[in-house]
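Novice: The structure's right below; bear with me while I get my questions together.
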Amino acid sequence: MLFLLTVSTNVRFNFFVKSFSENQNIKEKQIAITFDDGPVENSLKILKVLDRYNAKAGFFCIGQNIKANPQIFKSIIEKGHLVGNHTYTHTRKMGALSVSKIVWEIEECNRIAEKTAGIKMKLFRPPFGIVSPKTKKALQKTGMRSIGWSIRSFDAVLSSEELILKRVKKRVKPGAVILLHDNNANTVNILEQLLLFLKNNQYEVVRPDKLLEINAYS
């Protein structure tokens, strides 16, 4: 039971669902930064920091937030960043949903994204990293691909910016995918310090679809 609980709450294990979480074969010093749970007002501050460092990132967006903040969603795309599907409601009951309900969560998020910005998203990140055989079936039905991460910052849980940065920095390596949250005010300063660290260590920050060599849209 403990084993099943562990693998179902960590998308990185690829136990139920094959997820793209890093590029282990890359030779260049490239890394990807991704953000979950936007778009929100704080996302605009994140975009300004990314602009200052000429960095491109990935934003896995909640459908309800796209509907509430359509201009911010479009700004993310206009600035050359990737957008992906993070379900419509970001329910905490993800593990208990039926296949049909997961399909609805994915398709409704895709629908509002296409209505708002005219794009058809192909990349999906499960809320809280929770996956199951039902998630696999839903992805097969919707034609989506799962995107995970290799470095989890815990910026949505920890309050200490120093601790978060220390955790991320010691795990940085070529081909890694970093998970942050653009709905967290502290993440703005964390991102600035992280980008400075990466710049000083000759890392190029690229979009996750480029790093993982996959298509973001159909």
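Novice: Given an 8 Å cut-off on Cα distances and at least 6 residues of separation, report the relative contact order of the chain as a percent.
Specialist: 34
Novice: Toward the positive end of the charge dipole of the chain, about the Cα centre and with charges on Cβ (Lys, Arg +1; Asp, Glu -1), which of 208, 100, 71 goes farthest?
Specialist: 100
Novice: Evaluate the relative contact order of region 127-218 (contact order divided by residue number), counting alpha-carbon pairs under 8 angstrom at least 6 apart; express in whole percent.
Specialist: Normalised by residue count, the contact order of region 127-218 is 23 percent.
Novice: Ignoring ligands, DNA and RNA, what percent of the accessible area of region 39-197 is carbon or sulfur (1.4 Å)?
Specialist: Carbon and sulfur: 50 percent of the exposed surface of region 39-197.
Novice: Antiparallel DSSP bridges in the chain: what percent, to the nearest 5?
Specialist: Around 10 percent of the beta bridges assigned by DSSP in the chain are antiparallel ones.
Novice: Sequence neighbours fewer than 8 away in the same chain don't count; with that in mind, list the aspartates and glutamates whose C-alpha is under 14 Å from residue 170.
Specialist: 162
Novice: Could you name the aspartates and glutamates in cross-link range of residue 45, using Cα to Cα under 12 Å and dropping any fewer than eight places away on the same chain?
Specialist: 182, 192
Novice: Follow-up question, since we're still on this one. Any idea of the accessible area per residue across the chain, 1.4 Å probe, to the nearest Å²?
Specialist: Ligands and nucleic acids excluded, the result is 48 Å² per residue.
Novice: Suppose R0 equals 30 Å; then what is the FRET efficiency for residue 141 and residue 30 from their Cβ-Cβ distance, rounded to the nearest 0.05?
Specialist: Rounded to the nearest 0.05, the efficiency is 0.35.
Novice: Taking 0.36 nm per residue of separation and subtracting the Cα-Cα distance, what length does fully extending residue 199 through residue 41 add?
Specialist: 54.2 nm
Novice: Moving on to the next point. Given 67/141; 67/173; 29/134; 101/199; 134/166; 48/122, which pairs have Cα atoms separated by over 32 Å?
Specialist: As for pairs spanning more than 32 Å Cα to Cα, those are 67/173; 29/134; 101/199; 134/166.
The values are calculated or read from the model by the stated rules, or taken from the named source; none is laboratory data. Predicted model only: the values in this text are computed from it and were never measured. Heads up, the Cβs are rebuilt from the backbone with ideal geometry, glycines too, and the neighbour counts pull from every protein chain shown. Quick note on the areas: whole protein, heavy atoms, side chains included, nothing else; ligands and nucleic acids left out. Shrake-Rupley method; radii C 1.70, N 1.55, O 1.52, S 1.80 Å.
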